[in-house]
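The values are calculated or read from the model by the stated rules, or taken from the named source; none is laboratory data. This structure is a prediction, so every number in the text was calculated from the model and none was measured. Backbone-built Cβ (ideal geometry, glycine too); neighbour counts: all protein chains shown. For the accessible areas, the whole protein counts, side chains as well, though only heavy atoms, and no ligand, DNA or RNA atoms are used. Shrake-Rupley method; radii C 1.70, N 1.55, O 1.52, S 1.80 Å.
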Amino acid sequence: MGTETVRAGVADAAADRRREQRGWYFYDWACSVYSTSVLTVFLGPYLTSVAKSAADADGFVHPLGIPVRAGSFFAYSVSLSVIVAVVVMPLVGNAADRTGRKKPLLGAAAYTGAAATTGMFFLDGDRYLLGGVLLVVANAAQSVATMLYNSYLPQIAPPEERDAVSSRGWAFGYTAGALVLVVNLVLYSAHDSFGLSETAAVRICLASAGLWWGAFTLVPLRRLRDRRATAAKATTATATGLRQLAATVRDMRRHPLTLSFLLAYLIYNDGIQTVISQASVYGSEELGLGQSTLIGAVLLVQVLAVAGALAMGRLAVVYGAKRTILGSLVAWTVTLAAGYFLPAGAPVWFFVLAAGIGLVLGGSQALSRSLFSHLVPPGKEAEYFSAYEMSDRGMSWLGPLLFGVTYQLTGSYRSAIISLVAFFVIGFALLARVPVRRAIGAAGNPVPEKI
């Protein structure tokens, strides 16, 4: 009877864990639409056009009396949102670990971002400043919420499940991004048929992402649960964001192997983020491709990233996360080398390049997240994932700088795109040197059979 009771308890615990994991997946489903439809496709060109309509005769707008070229306003707004996130994330991460109440903080961040995104419906005329404020709030809120969301991974999945769970989360996100992007593109392309102006169609697309984000956030908020904070964390004093960031970095120095992985991730992820942000520039300026081709390529990346994330999750079960990530970095290098030789005016080959990016994109990101989760000391999940999220979002500036400087010196986008190979080669070398088994043990976590 005692054995049966134990088995029943184990089965109930496994069922509860699966239920919580399914709820966790749905936050990726909720927020990825913002990244795809808002940031990647619609907001940049639209906010730039709004800023240009408000510009003076010299092409400048003047937020808070500061002269800013209208064409740079979107980029500066994104940069400001990163600065805000860098200050706020360590503070929120420390509070989450200290109190054990991640879920209310996740809800507050998610609904702040969703509300700001929904408010973009009112971005018309010359309201560029409203657009900038909403972008800063939404982007910073998304970074904070994603950091909290990621920090749940070590708590809802035992070591042997994390690669698969992380990969499914990314797959959910890319599926939602593709689904909503298809609907938005139909609305945008056929706006006349719906009796809408082009501007009204874009505003509806922007606002719909916020409504989707808010609606589906209800699922993880119902299914995720908070854990009791350890006594050590419960007595930790609250610090300012920058002070807490410094404290986190000091603490990470006690785990140099974790820090070594984070450095490798910072380098190769900088390359990934730069390819994502600059591929459309390469396609339009160097290859002479039209907007419809570029949007179609973004959609293809979303669809194939689902399959790529799931497939690489399965590969990690056989070969381990580290080896699979290293293989993905080789694939990134080959993809960029192929991109260098793409002929101009040939959309088919650009779609082939997009397919290559999609197949490695989701998996390399998902497995990096799950591998890092093994390297985090217990009780410091949110704090360490704030540093991880800043590596993901706040530190990716070297790649765009190298891309821009290379183009400036050579006048060739082909040279600029091939220069990004350096990030994958250096990242590969740094990651290959990290003894992940020893790093996991040093962090105080059990070492999985395959890692």
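Which ³J(HN,Hα) values in Hz, rounded to whole numbers, follow from the phi angles of the stretch 427-435 under the Karplus curve 6.51 cos²θ - 1.76 cosθ + 1.60, where θ = phi - 60° and Gly and Pro get x?
Along the stretch 427-435, the couplings run x, 4, 4, 5, 5, 4, 7, 7, x Hz.
Under 20 °C and 1.002 mPa s, how fast does the chain diffuse according to Stokes-Einstein, given a Kirkwood radius computed over C-alpha pairs? Answer in µm²/s, whole number.
After rounding, the answer is 94 µm²/s.
Let me check against my output: what whole-number percent is the relative contact order of the chain, with C-alpha pairs under 8 Å and at least 6 apart?
It rounds to 25 percent for the chain.
For H62, what accessible surface area do you get with a 1.4 Å probe? Give it in Å², rounded to 10.
Accessible area, nearest 10 Å²: 90 Å².
Zone of D251 (label point 7 Å along Cα→Cβ, backbone N under 17 Å): which residues in the stretch 143-170?
Output list for this probe position: 147-155.
When you take every Cα atom in the stretch 304-434, what is the radius of gyration, and what is Dmax, the widest Cα pair distance, in Å?
16.4, 53
Ranked by accessible surface with a 1.4 Å probe, highest first, in what order do I267, I83, I204, I440 come?
Ranking I267, I83, I204, I440 by accessible area, largest first, yields I83, I204, I267, I440.
Each residue of the stretch 150-160 in order: what ³J(HN,Hα) in whole Hz does its phi give by Karplus 6.51 cos²θ - 1.76 cosθ + 1.60, θ = phi - 60°, with x for Gly and Pro?
After applying 6.51 cos²θ - 1.76 cosθ + 1.60, I find 4, 5, 6, 3, x, 8, 9, 9, x, x, 6 Hz.
Mind running the shape call on the stretch 412-451? Use the C-alpha gyration tensor, a ≥ b ≥ c as the square roots of the eigenvalues: rounded below 1.5 for a/c, prolate if a/b tops b/c, oblate otherwise.
Since a/c reaches 1.5 and a/b is larger than b/c, the shape of the stretch 412-451 is classed as prolate.
Over the chain, what percent of the accessible surface lies on carbon and sulfur atoms, probe 1.4 Å?
With neighbouring chains kept in place, the figure for the chain is 65 percent.
Accessible area per residue, 1.4 Å probe, Å², for the chain: what's the number?
Per-residue value: 42 Å².
Around G313, under 13 Å between beta carbons, what's the net of Lys plus Arg minus Asp minus Glu among the other residues?
With Lys, Arg at +1 and Asp, Glu at -1, the net is +2.
Number of Lys pairs in the chain with C-alpha atoms less than 19 angstrom apart, excluding same-chain neighbours closer than eight positions?
6
Among L359, S419, G296, which residue has its Cα positioned farthest towards the positive end of the charge dipole of the chain, with +1 placed on the Cβ of Lys and Arg, -1 on the Cβ of Asp and Glu, and the dipole taken about the Cα centre?
L359
From largest accessible area down, sort E160, E449, E381; use a 1.4 Å probe on the protein chains.
So the residues, ranked largest to smallest area, are E449, E160, E381.
Convert each backbone phi in the stretch 36-41 into a coupling constant with the Karplus relation 6.51 cos²θ - 1.76 cosθ + 1.60 (shift: θ = phi - 60°), then list the ³J(HN,Hα) values in order as whole Hz, x for Gly and Pro.
Here the 3J(HN,Hα) series is 6, 6, 7, 6, 7, 10 Hz.
How much of the calculated P(r) for the stretch 9-108 lies past 24 Å, in percent of all Cα pairs?
Counting pairs separated by more than 24 Å, the tail of P(r) holds 51 percent.
Do the sum for the chain: with -39,500 (n - 2.57) for every DSSP H run of n ≥ 4, divided by all residues, what is the mean residue ellipticity at 222 nm, to the nearest 500 deg cm²/dmol?
Result for the chain, helices only: -25000 deg cm²/dmol.
Could you state, as a whole-number percent, how many of the C-alpha pairs of the stretch 76-215 are farther apart than 26 Å?
Here the long-distance tail beyond 26 Å is 35 percent of all Cα pairs in the stretch 76-215.
Using heavy-atom solvent-accessible surface (probe 1.4 Å) with all chains present, what is the largest-first order of I417, I426?
Largest accessible area first, the list is I426, I417.
Not counting ligands, DNA or RNA, and with a 1.4 Å probe, what is D270's accessible surface area in Å² rounded to the nearest 10?
Ignoring ligands and nucleic acids, D270 comes out at about 0 Å².
Over the heavy atoms of V303, what accessible area does a 1.4 Å probe trace out, to the nearest 10 Å²?
Accessible surface of V303 is approximately 80 Å².
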